[in-house]
Amino acid sequence: MAKVIMICGKICSGKSTYAEKLRDENKAVMLSVDDIMLAVFGQHAGSRHDEYTGKIQEYLFAKSLEIIHAGCSVILDWGFWTKKARSFAREFYAKHDIPCEMHYINACDETLRKRVLQRNREVTDGAKNAYFVDENIAAKCDTLFEAPDKSETDIIINV
């Protein structure tokens, strides 16, 4: 039966890499807010970034139902940074009788710092289409993230 796998973790924790692996292993469709945001706005969504992100998430929730009903599993690669976001997603899929799992990528601070530096080099060199993470963005993201407790997660990957 088709299911939804939601990927939770801080910026640069390895969510997208993990999501791609799951996509290939499960012959699933990966839905990424960042992919759409970067395709439409590049690095320049500005002060409306959060508004646009919310609208894209709404669209992807609806699109995920269409994909699930077509018989294909879905990987949601957009962080689920807050307890509220995780609860909403679980309730949304429960309401539609769709099984879902929450996978949490738990990366230590040193790993995150190294990955941010690597990502920024790749973005600057044009080798990767991702957000450039400066100190302000890193601090904002760190402040917003609420680590899930064990009751919220089905799988925890420590990196």
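The values are calculated or read from the model by the stated rules, or taken from the named source; none is laboratory data. Only a predicted model underlies this, so the values are computations on that prediction, with no experimental measurement involved. All Cβ positions, glycine included, derive from the backbone under ideal geometry; neighbour counts span all protein chains shown.
What the table shows:
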| item | result |
| --- | --- |
| Residues that are free of Cβ contacts under 8 Å to residues at least 60 places away in the same chain and closer than 13 Å to Met6 by Cβ, drawn from region 76-86 | Ala85 |
| Selection count where residues are of a type in the set (S, T, N, Q) and surrounded by 14 or more Cβ atoms within 10 Å (Cβ to Cβ), scope region 101-154 | 4 |
| Single match in Tyr104, Tyr52 (criterion: among the aromatic types (Phe, Trp, Tyr) and closer than 16 Å to Asp154 by Cβ) | Tyr104 |
| Output for region 22-69, where each listed residue is within 23 Å of Gly126 (Cα to Cα) and in a helix (DSSP H, G or I) | Val33, Asp34, Asp35, Ile36, Met37, Leu38, Ala39, Val40, Phe41, Gly46, His49 |
| Only listed residue being under 26 Å from Lys83 (Cβ atoms) and hydrophobic (A, V, I, L, M, F, W, C), chosen from Met6, Met1 | Met6 |
| Check on Tyr18, over 24 Å from Cys108 (Cα atoms) and surrounded by 13 or more Cβ atoms within 10 Å (Cβ to Cβ) | no |
| Restricting region 112-151 to residues that are over 18 Å from the mean Cα position of the chain (by Cα) and hydroxyl-bearing (Ser, Thr, Tyr), the residue that is modelled with the highest pLDDT | Ser151 |
| Scan of region 60-75 for residues that are of a type in the set (Val, Ile, Thr) and closer than 11 Å to Met30 by Cβ, ordered by number | Ile67, Val74, Ile75 |
| Region 76-97, subset aromatic (Phe, Trp, Tyr) and part of a loop (DSSP other than H, G, I, E, B), residue farthest from the chain's Cα centre (by Cα) | Trp81 |
| Scope region 119-159; condition in a helix (DSSP H, G or I), of a type outside the set (Lys, Arg) and free of Cβ contacts under 8 Å to residues at least 40 places away in the same chain; matching residues | Asn120, Glu122, Val123, Thr124, Glu135, Asn136, Ala139, Thr143, Ser151 |
| Flag if Ser87 is at pLDDT below 90, among the hydroxyl-bearing types (Ser, Thr, Tyr) and loosely packed, with under 13 Cβ neighbours inside 10 Å | no |
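So that you can scan it fast, the table gives a plain yes or no per residue for (1) under 11 Å from Ile5 (Cβ atoms); (2) exposed (fewer than 13 other Cβ atoms within 10 Å of the Cβ); (3) under 17 Å from the mean Cα position of the chain (by Cα); (4) not aliphatic (A, V, I, L, M):
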| position | (1), (2), (3), (4) |
| --- | --- |
| Leu22 | yes, no, yes, no |
| Ser32 | no, no, yes, yes |
| Asp35 | no, no, yes, yes |
| Leu38 | no, no, yes, no |
| Lys63 | no, no, yes, yes |
| Val74 | yes, no, yes, no |
| Pro99 | yes, no, no, yes |
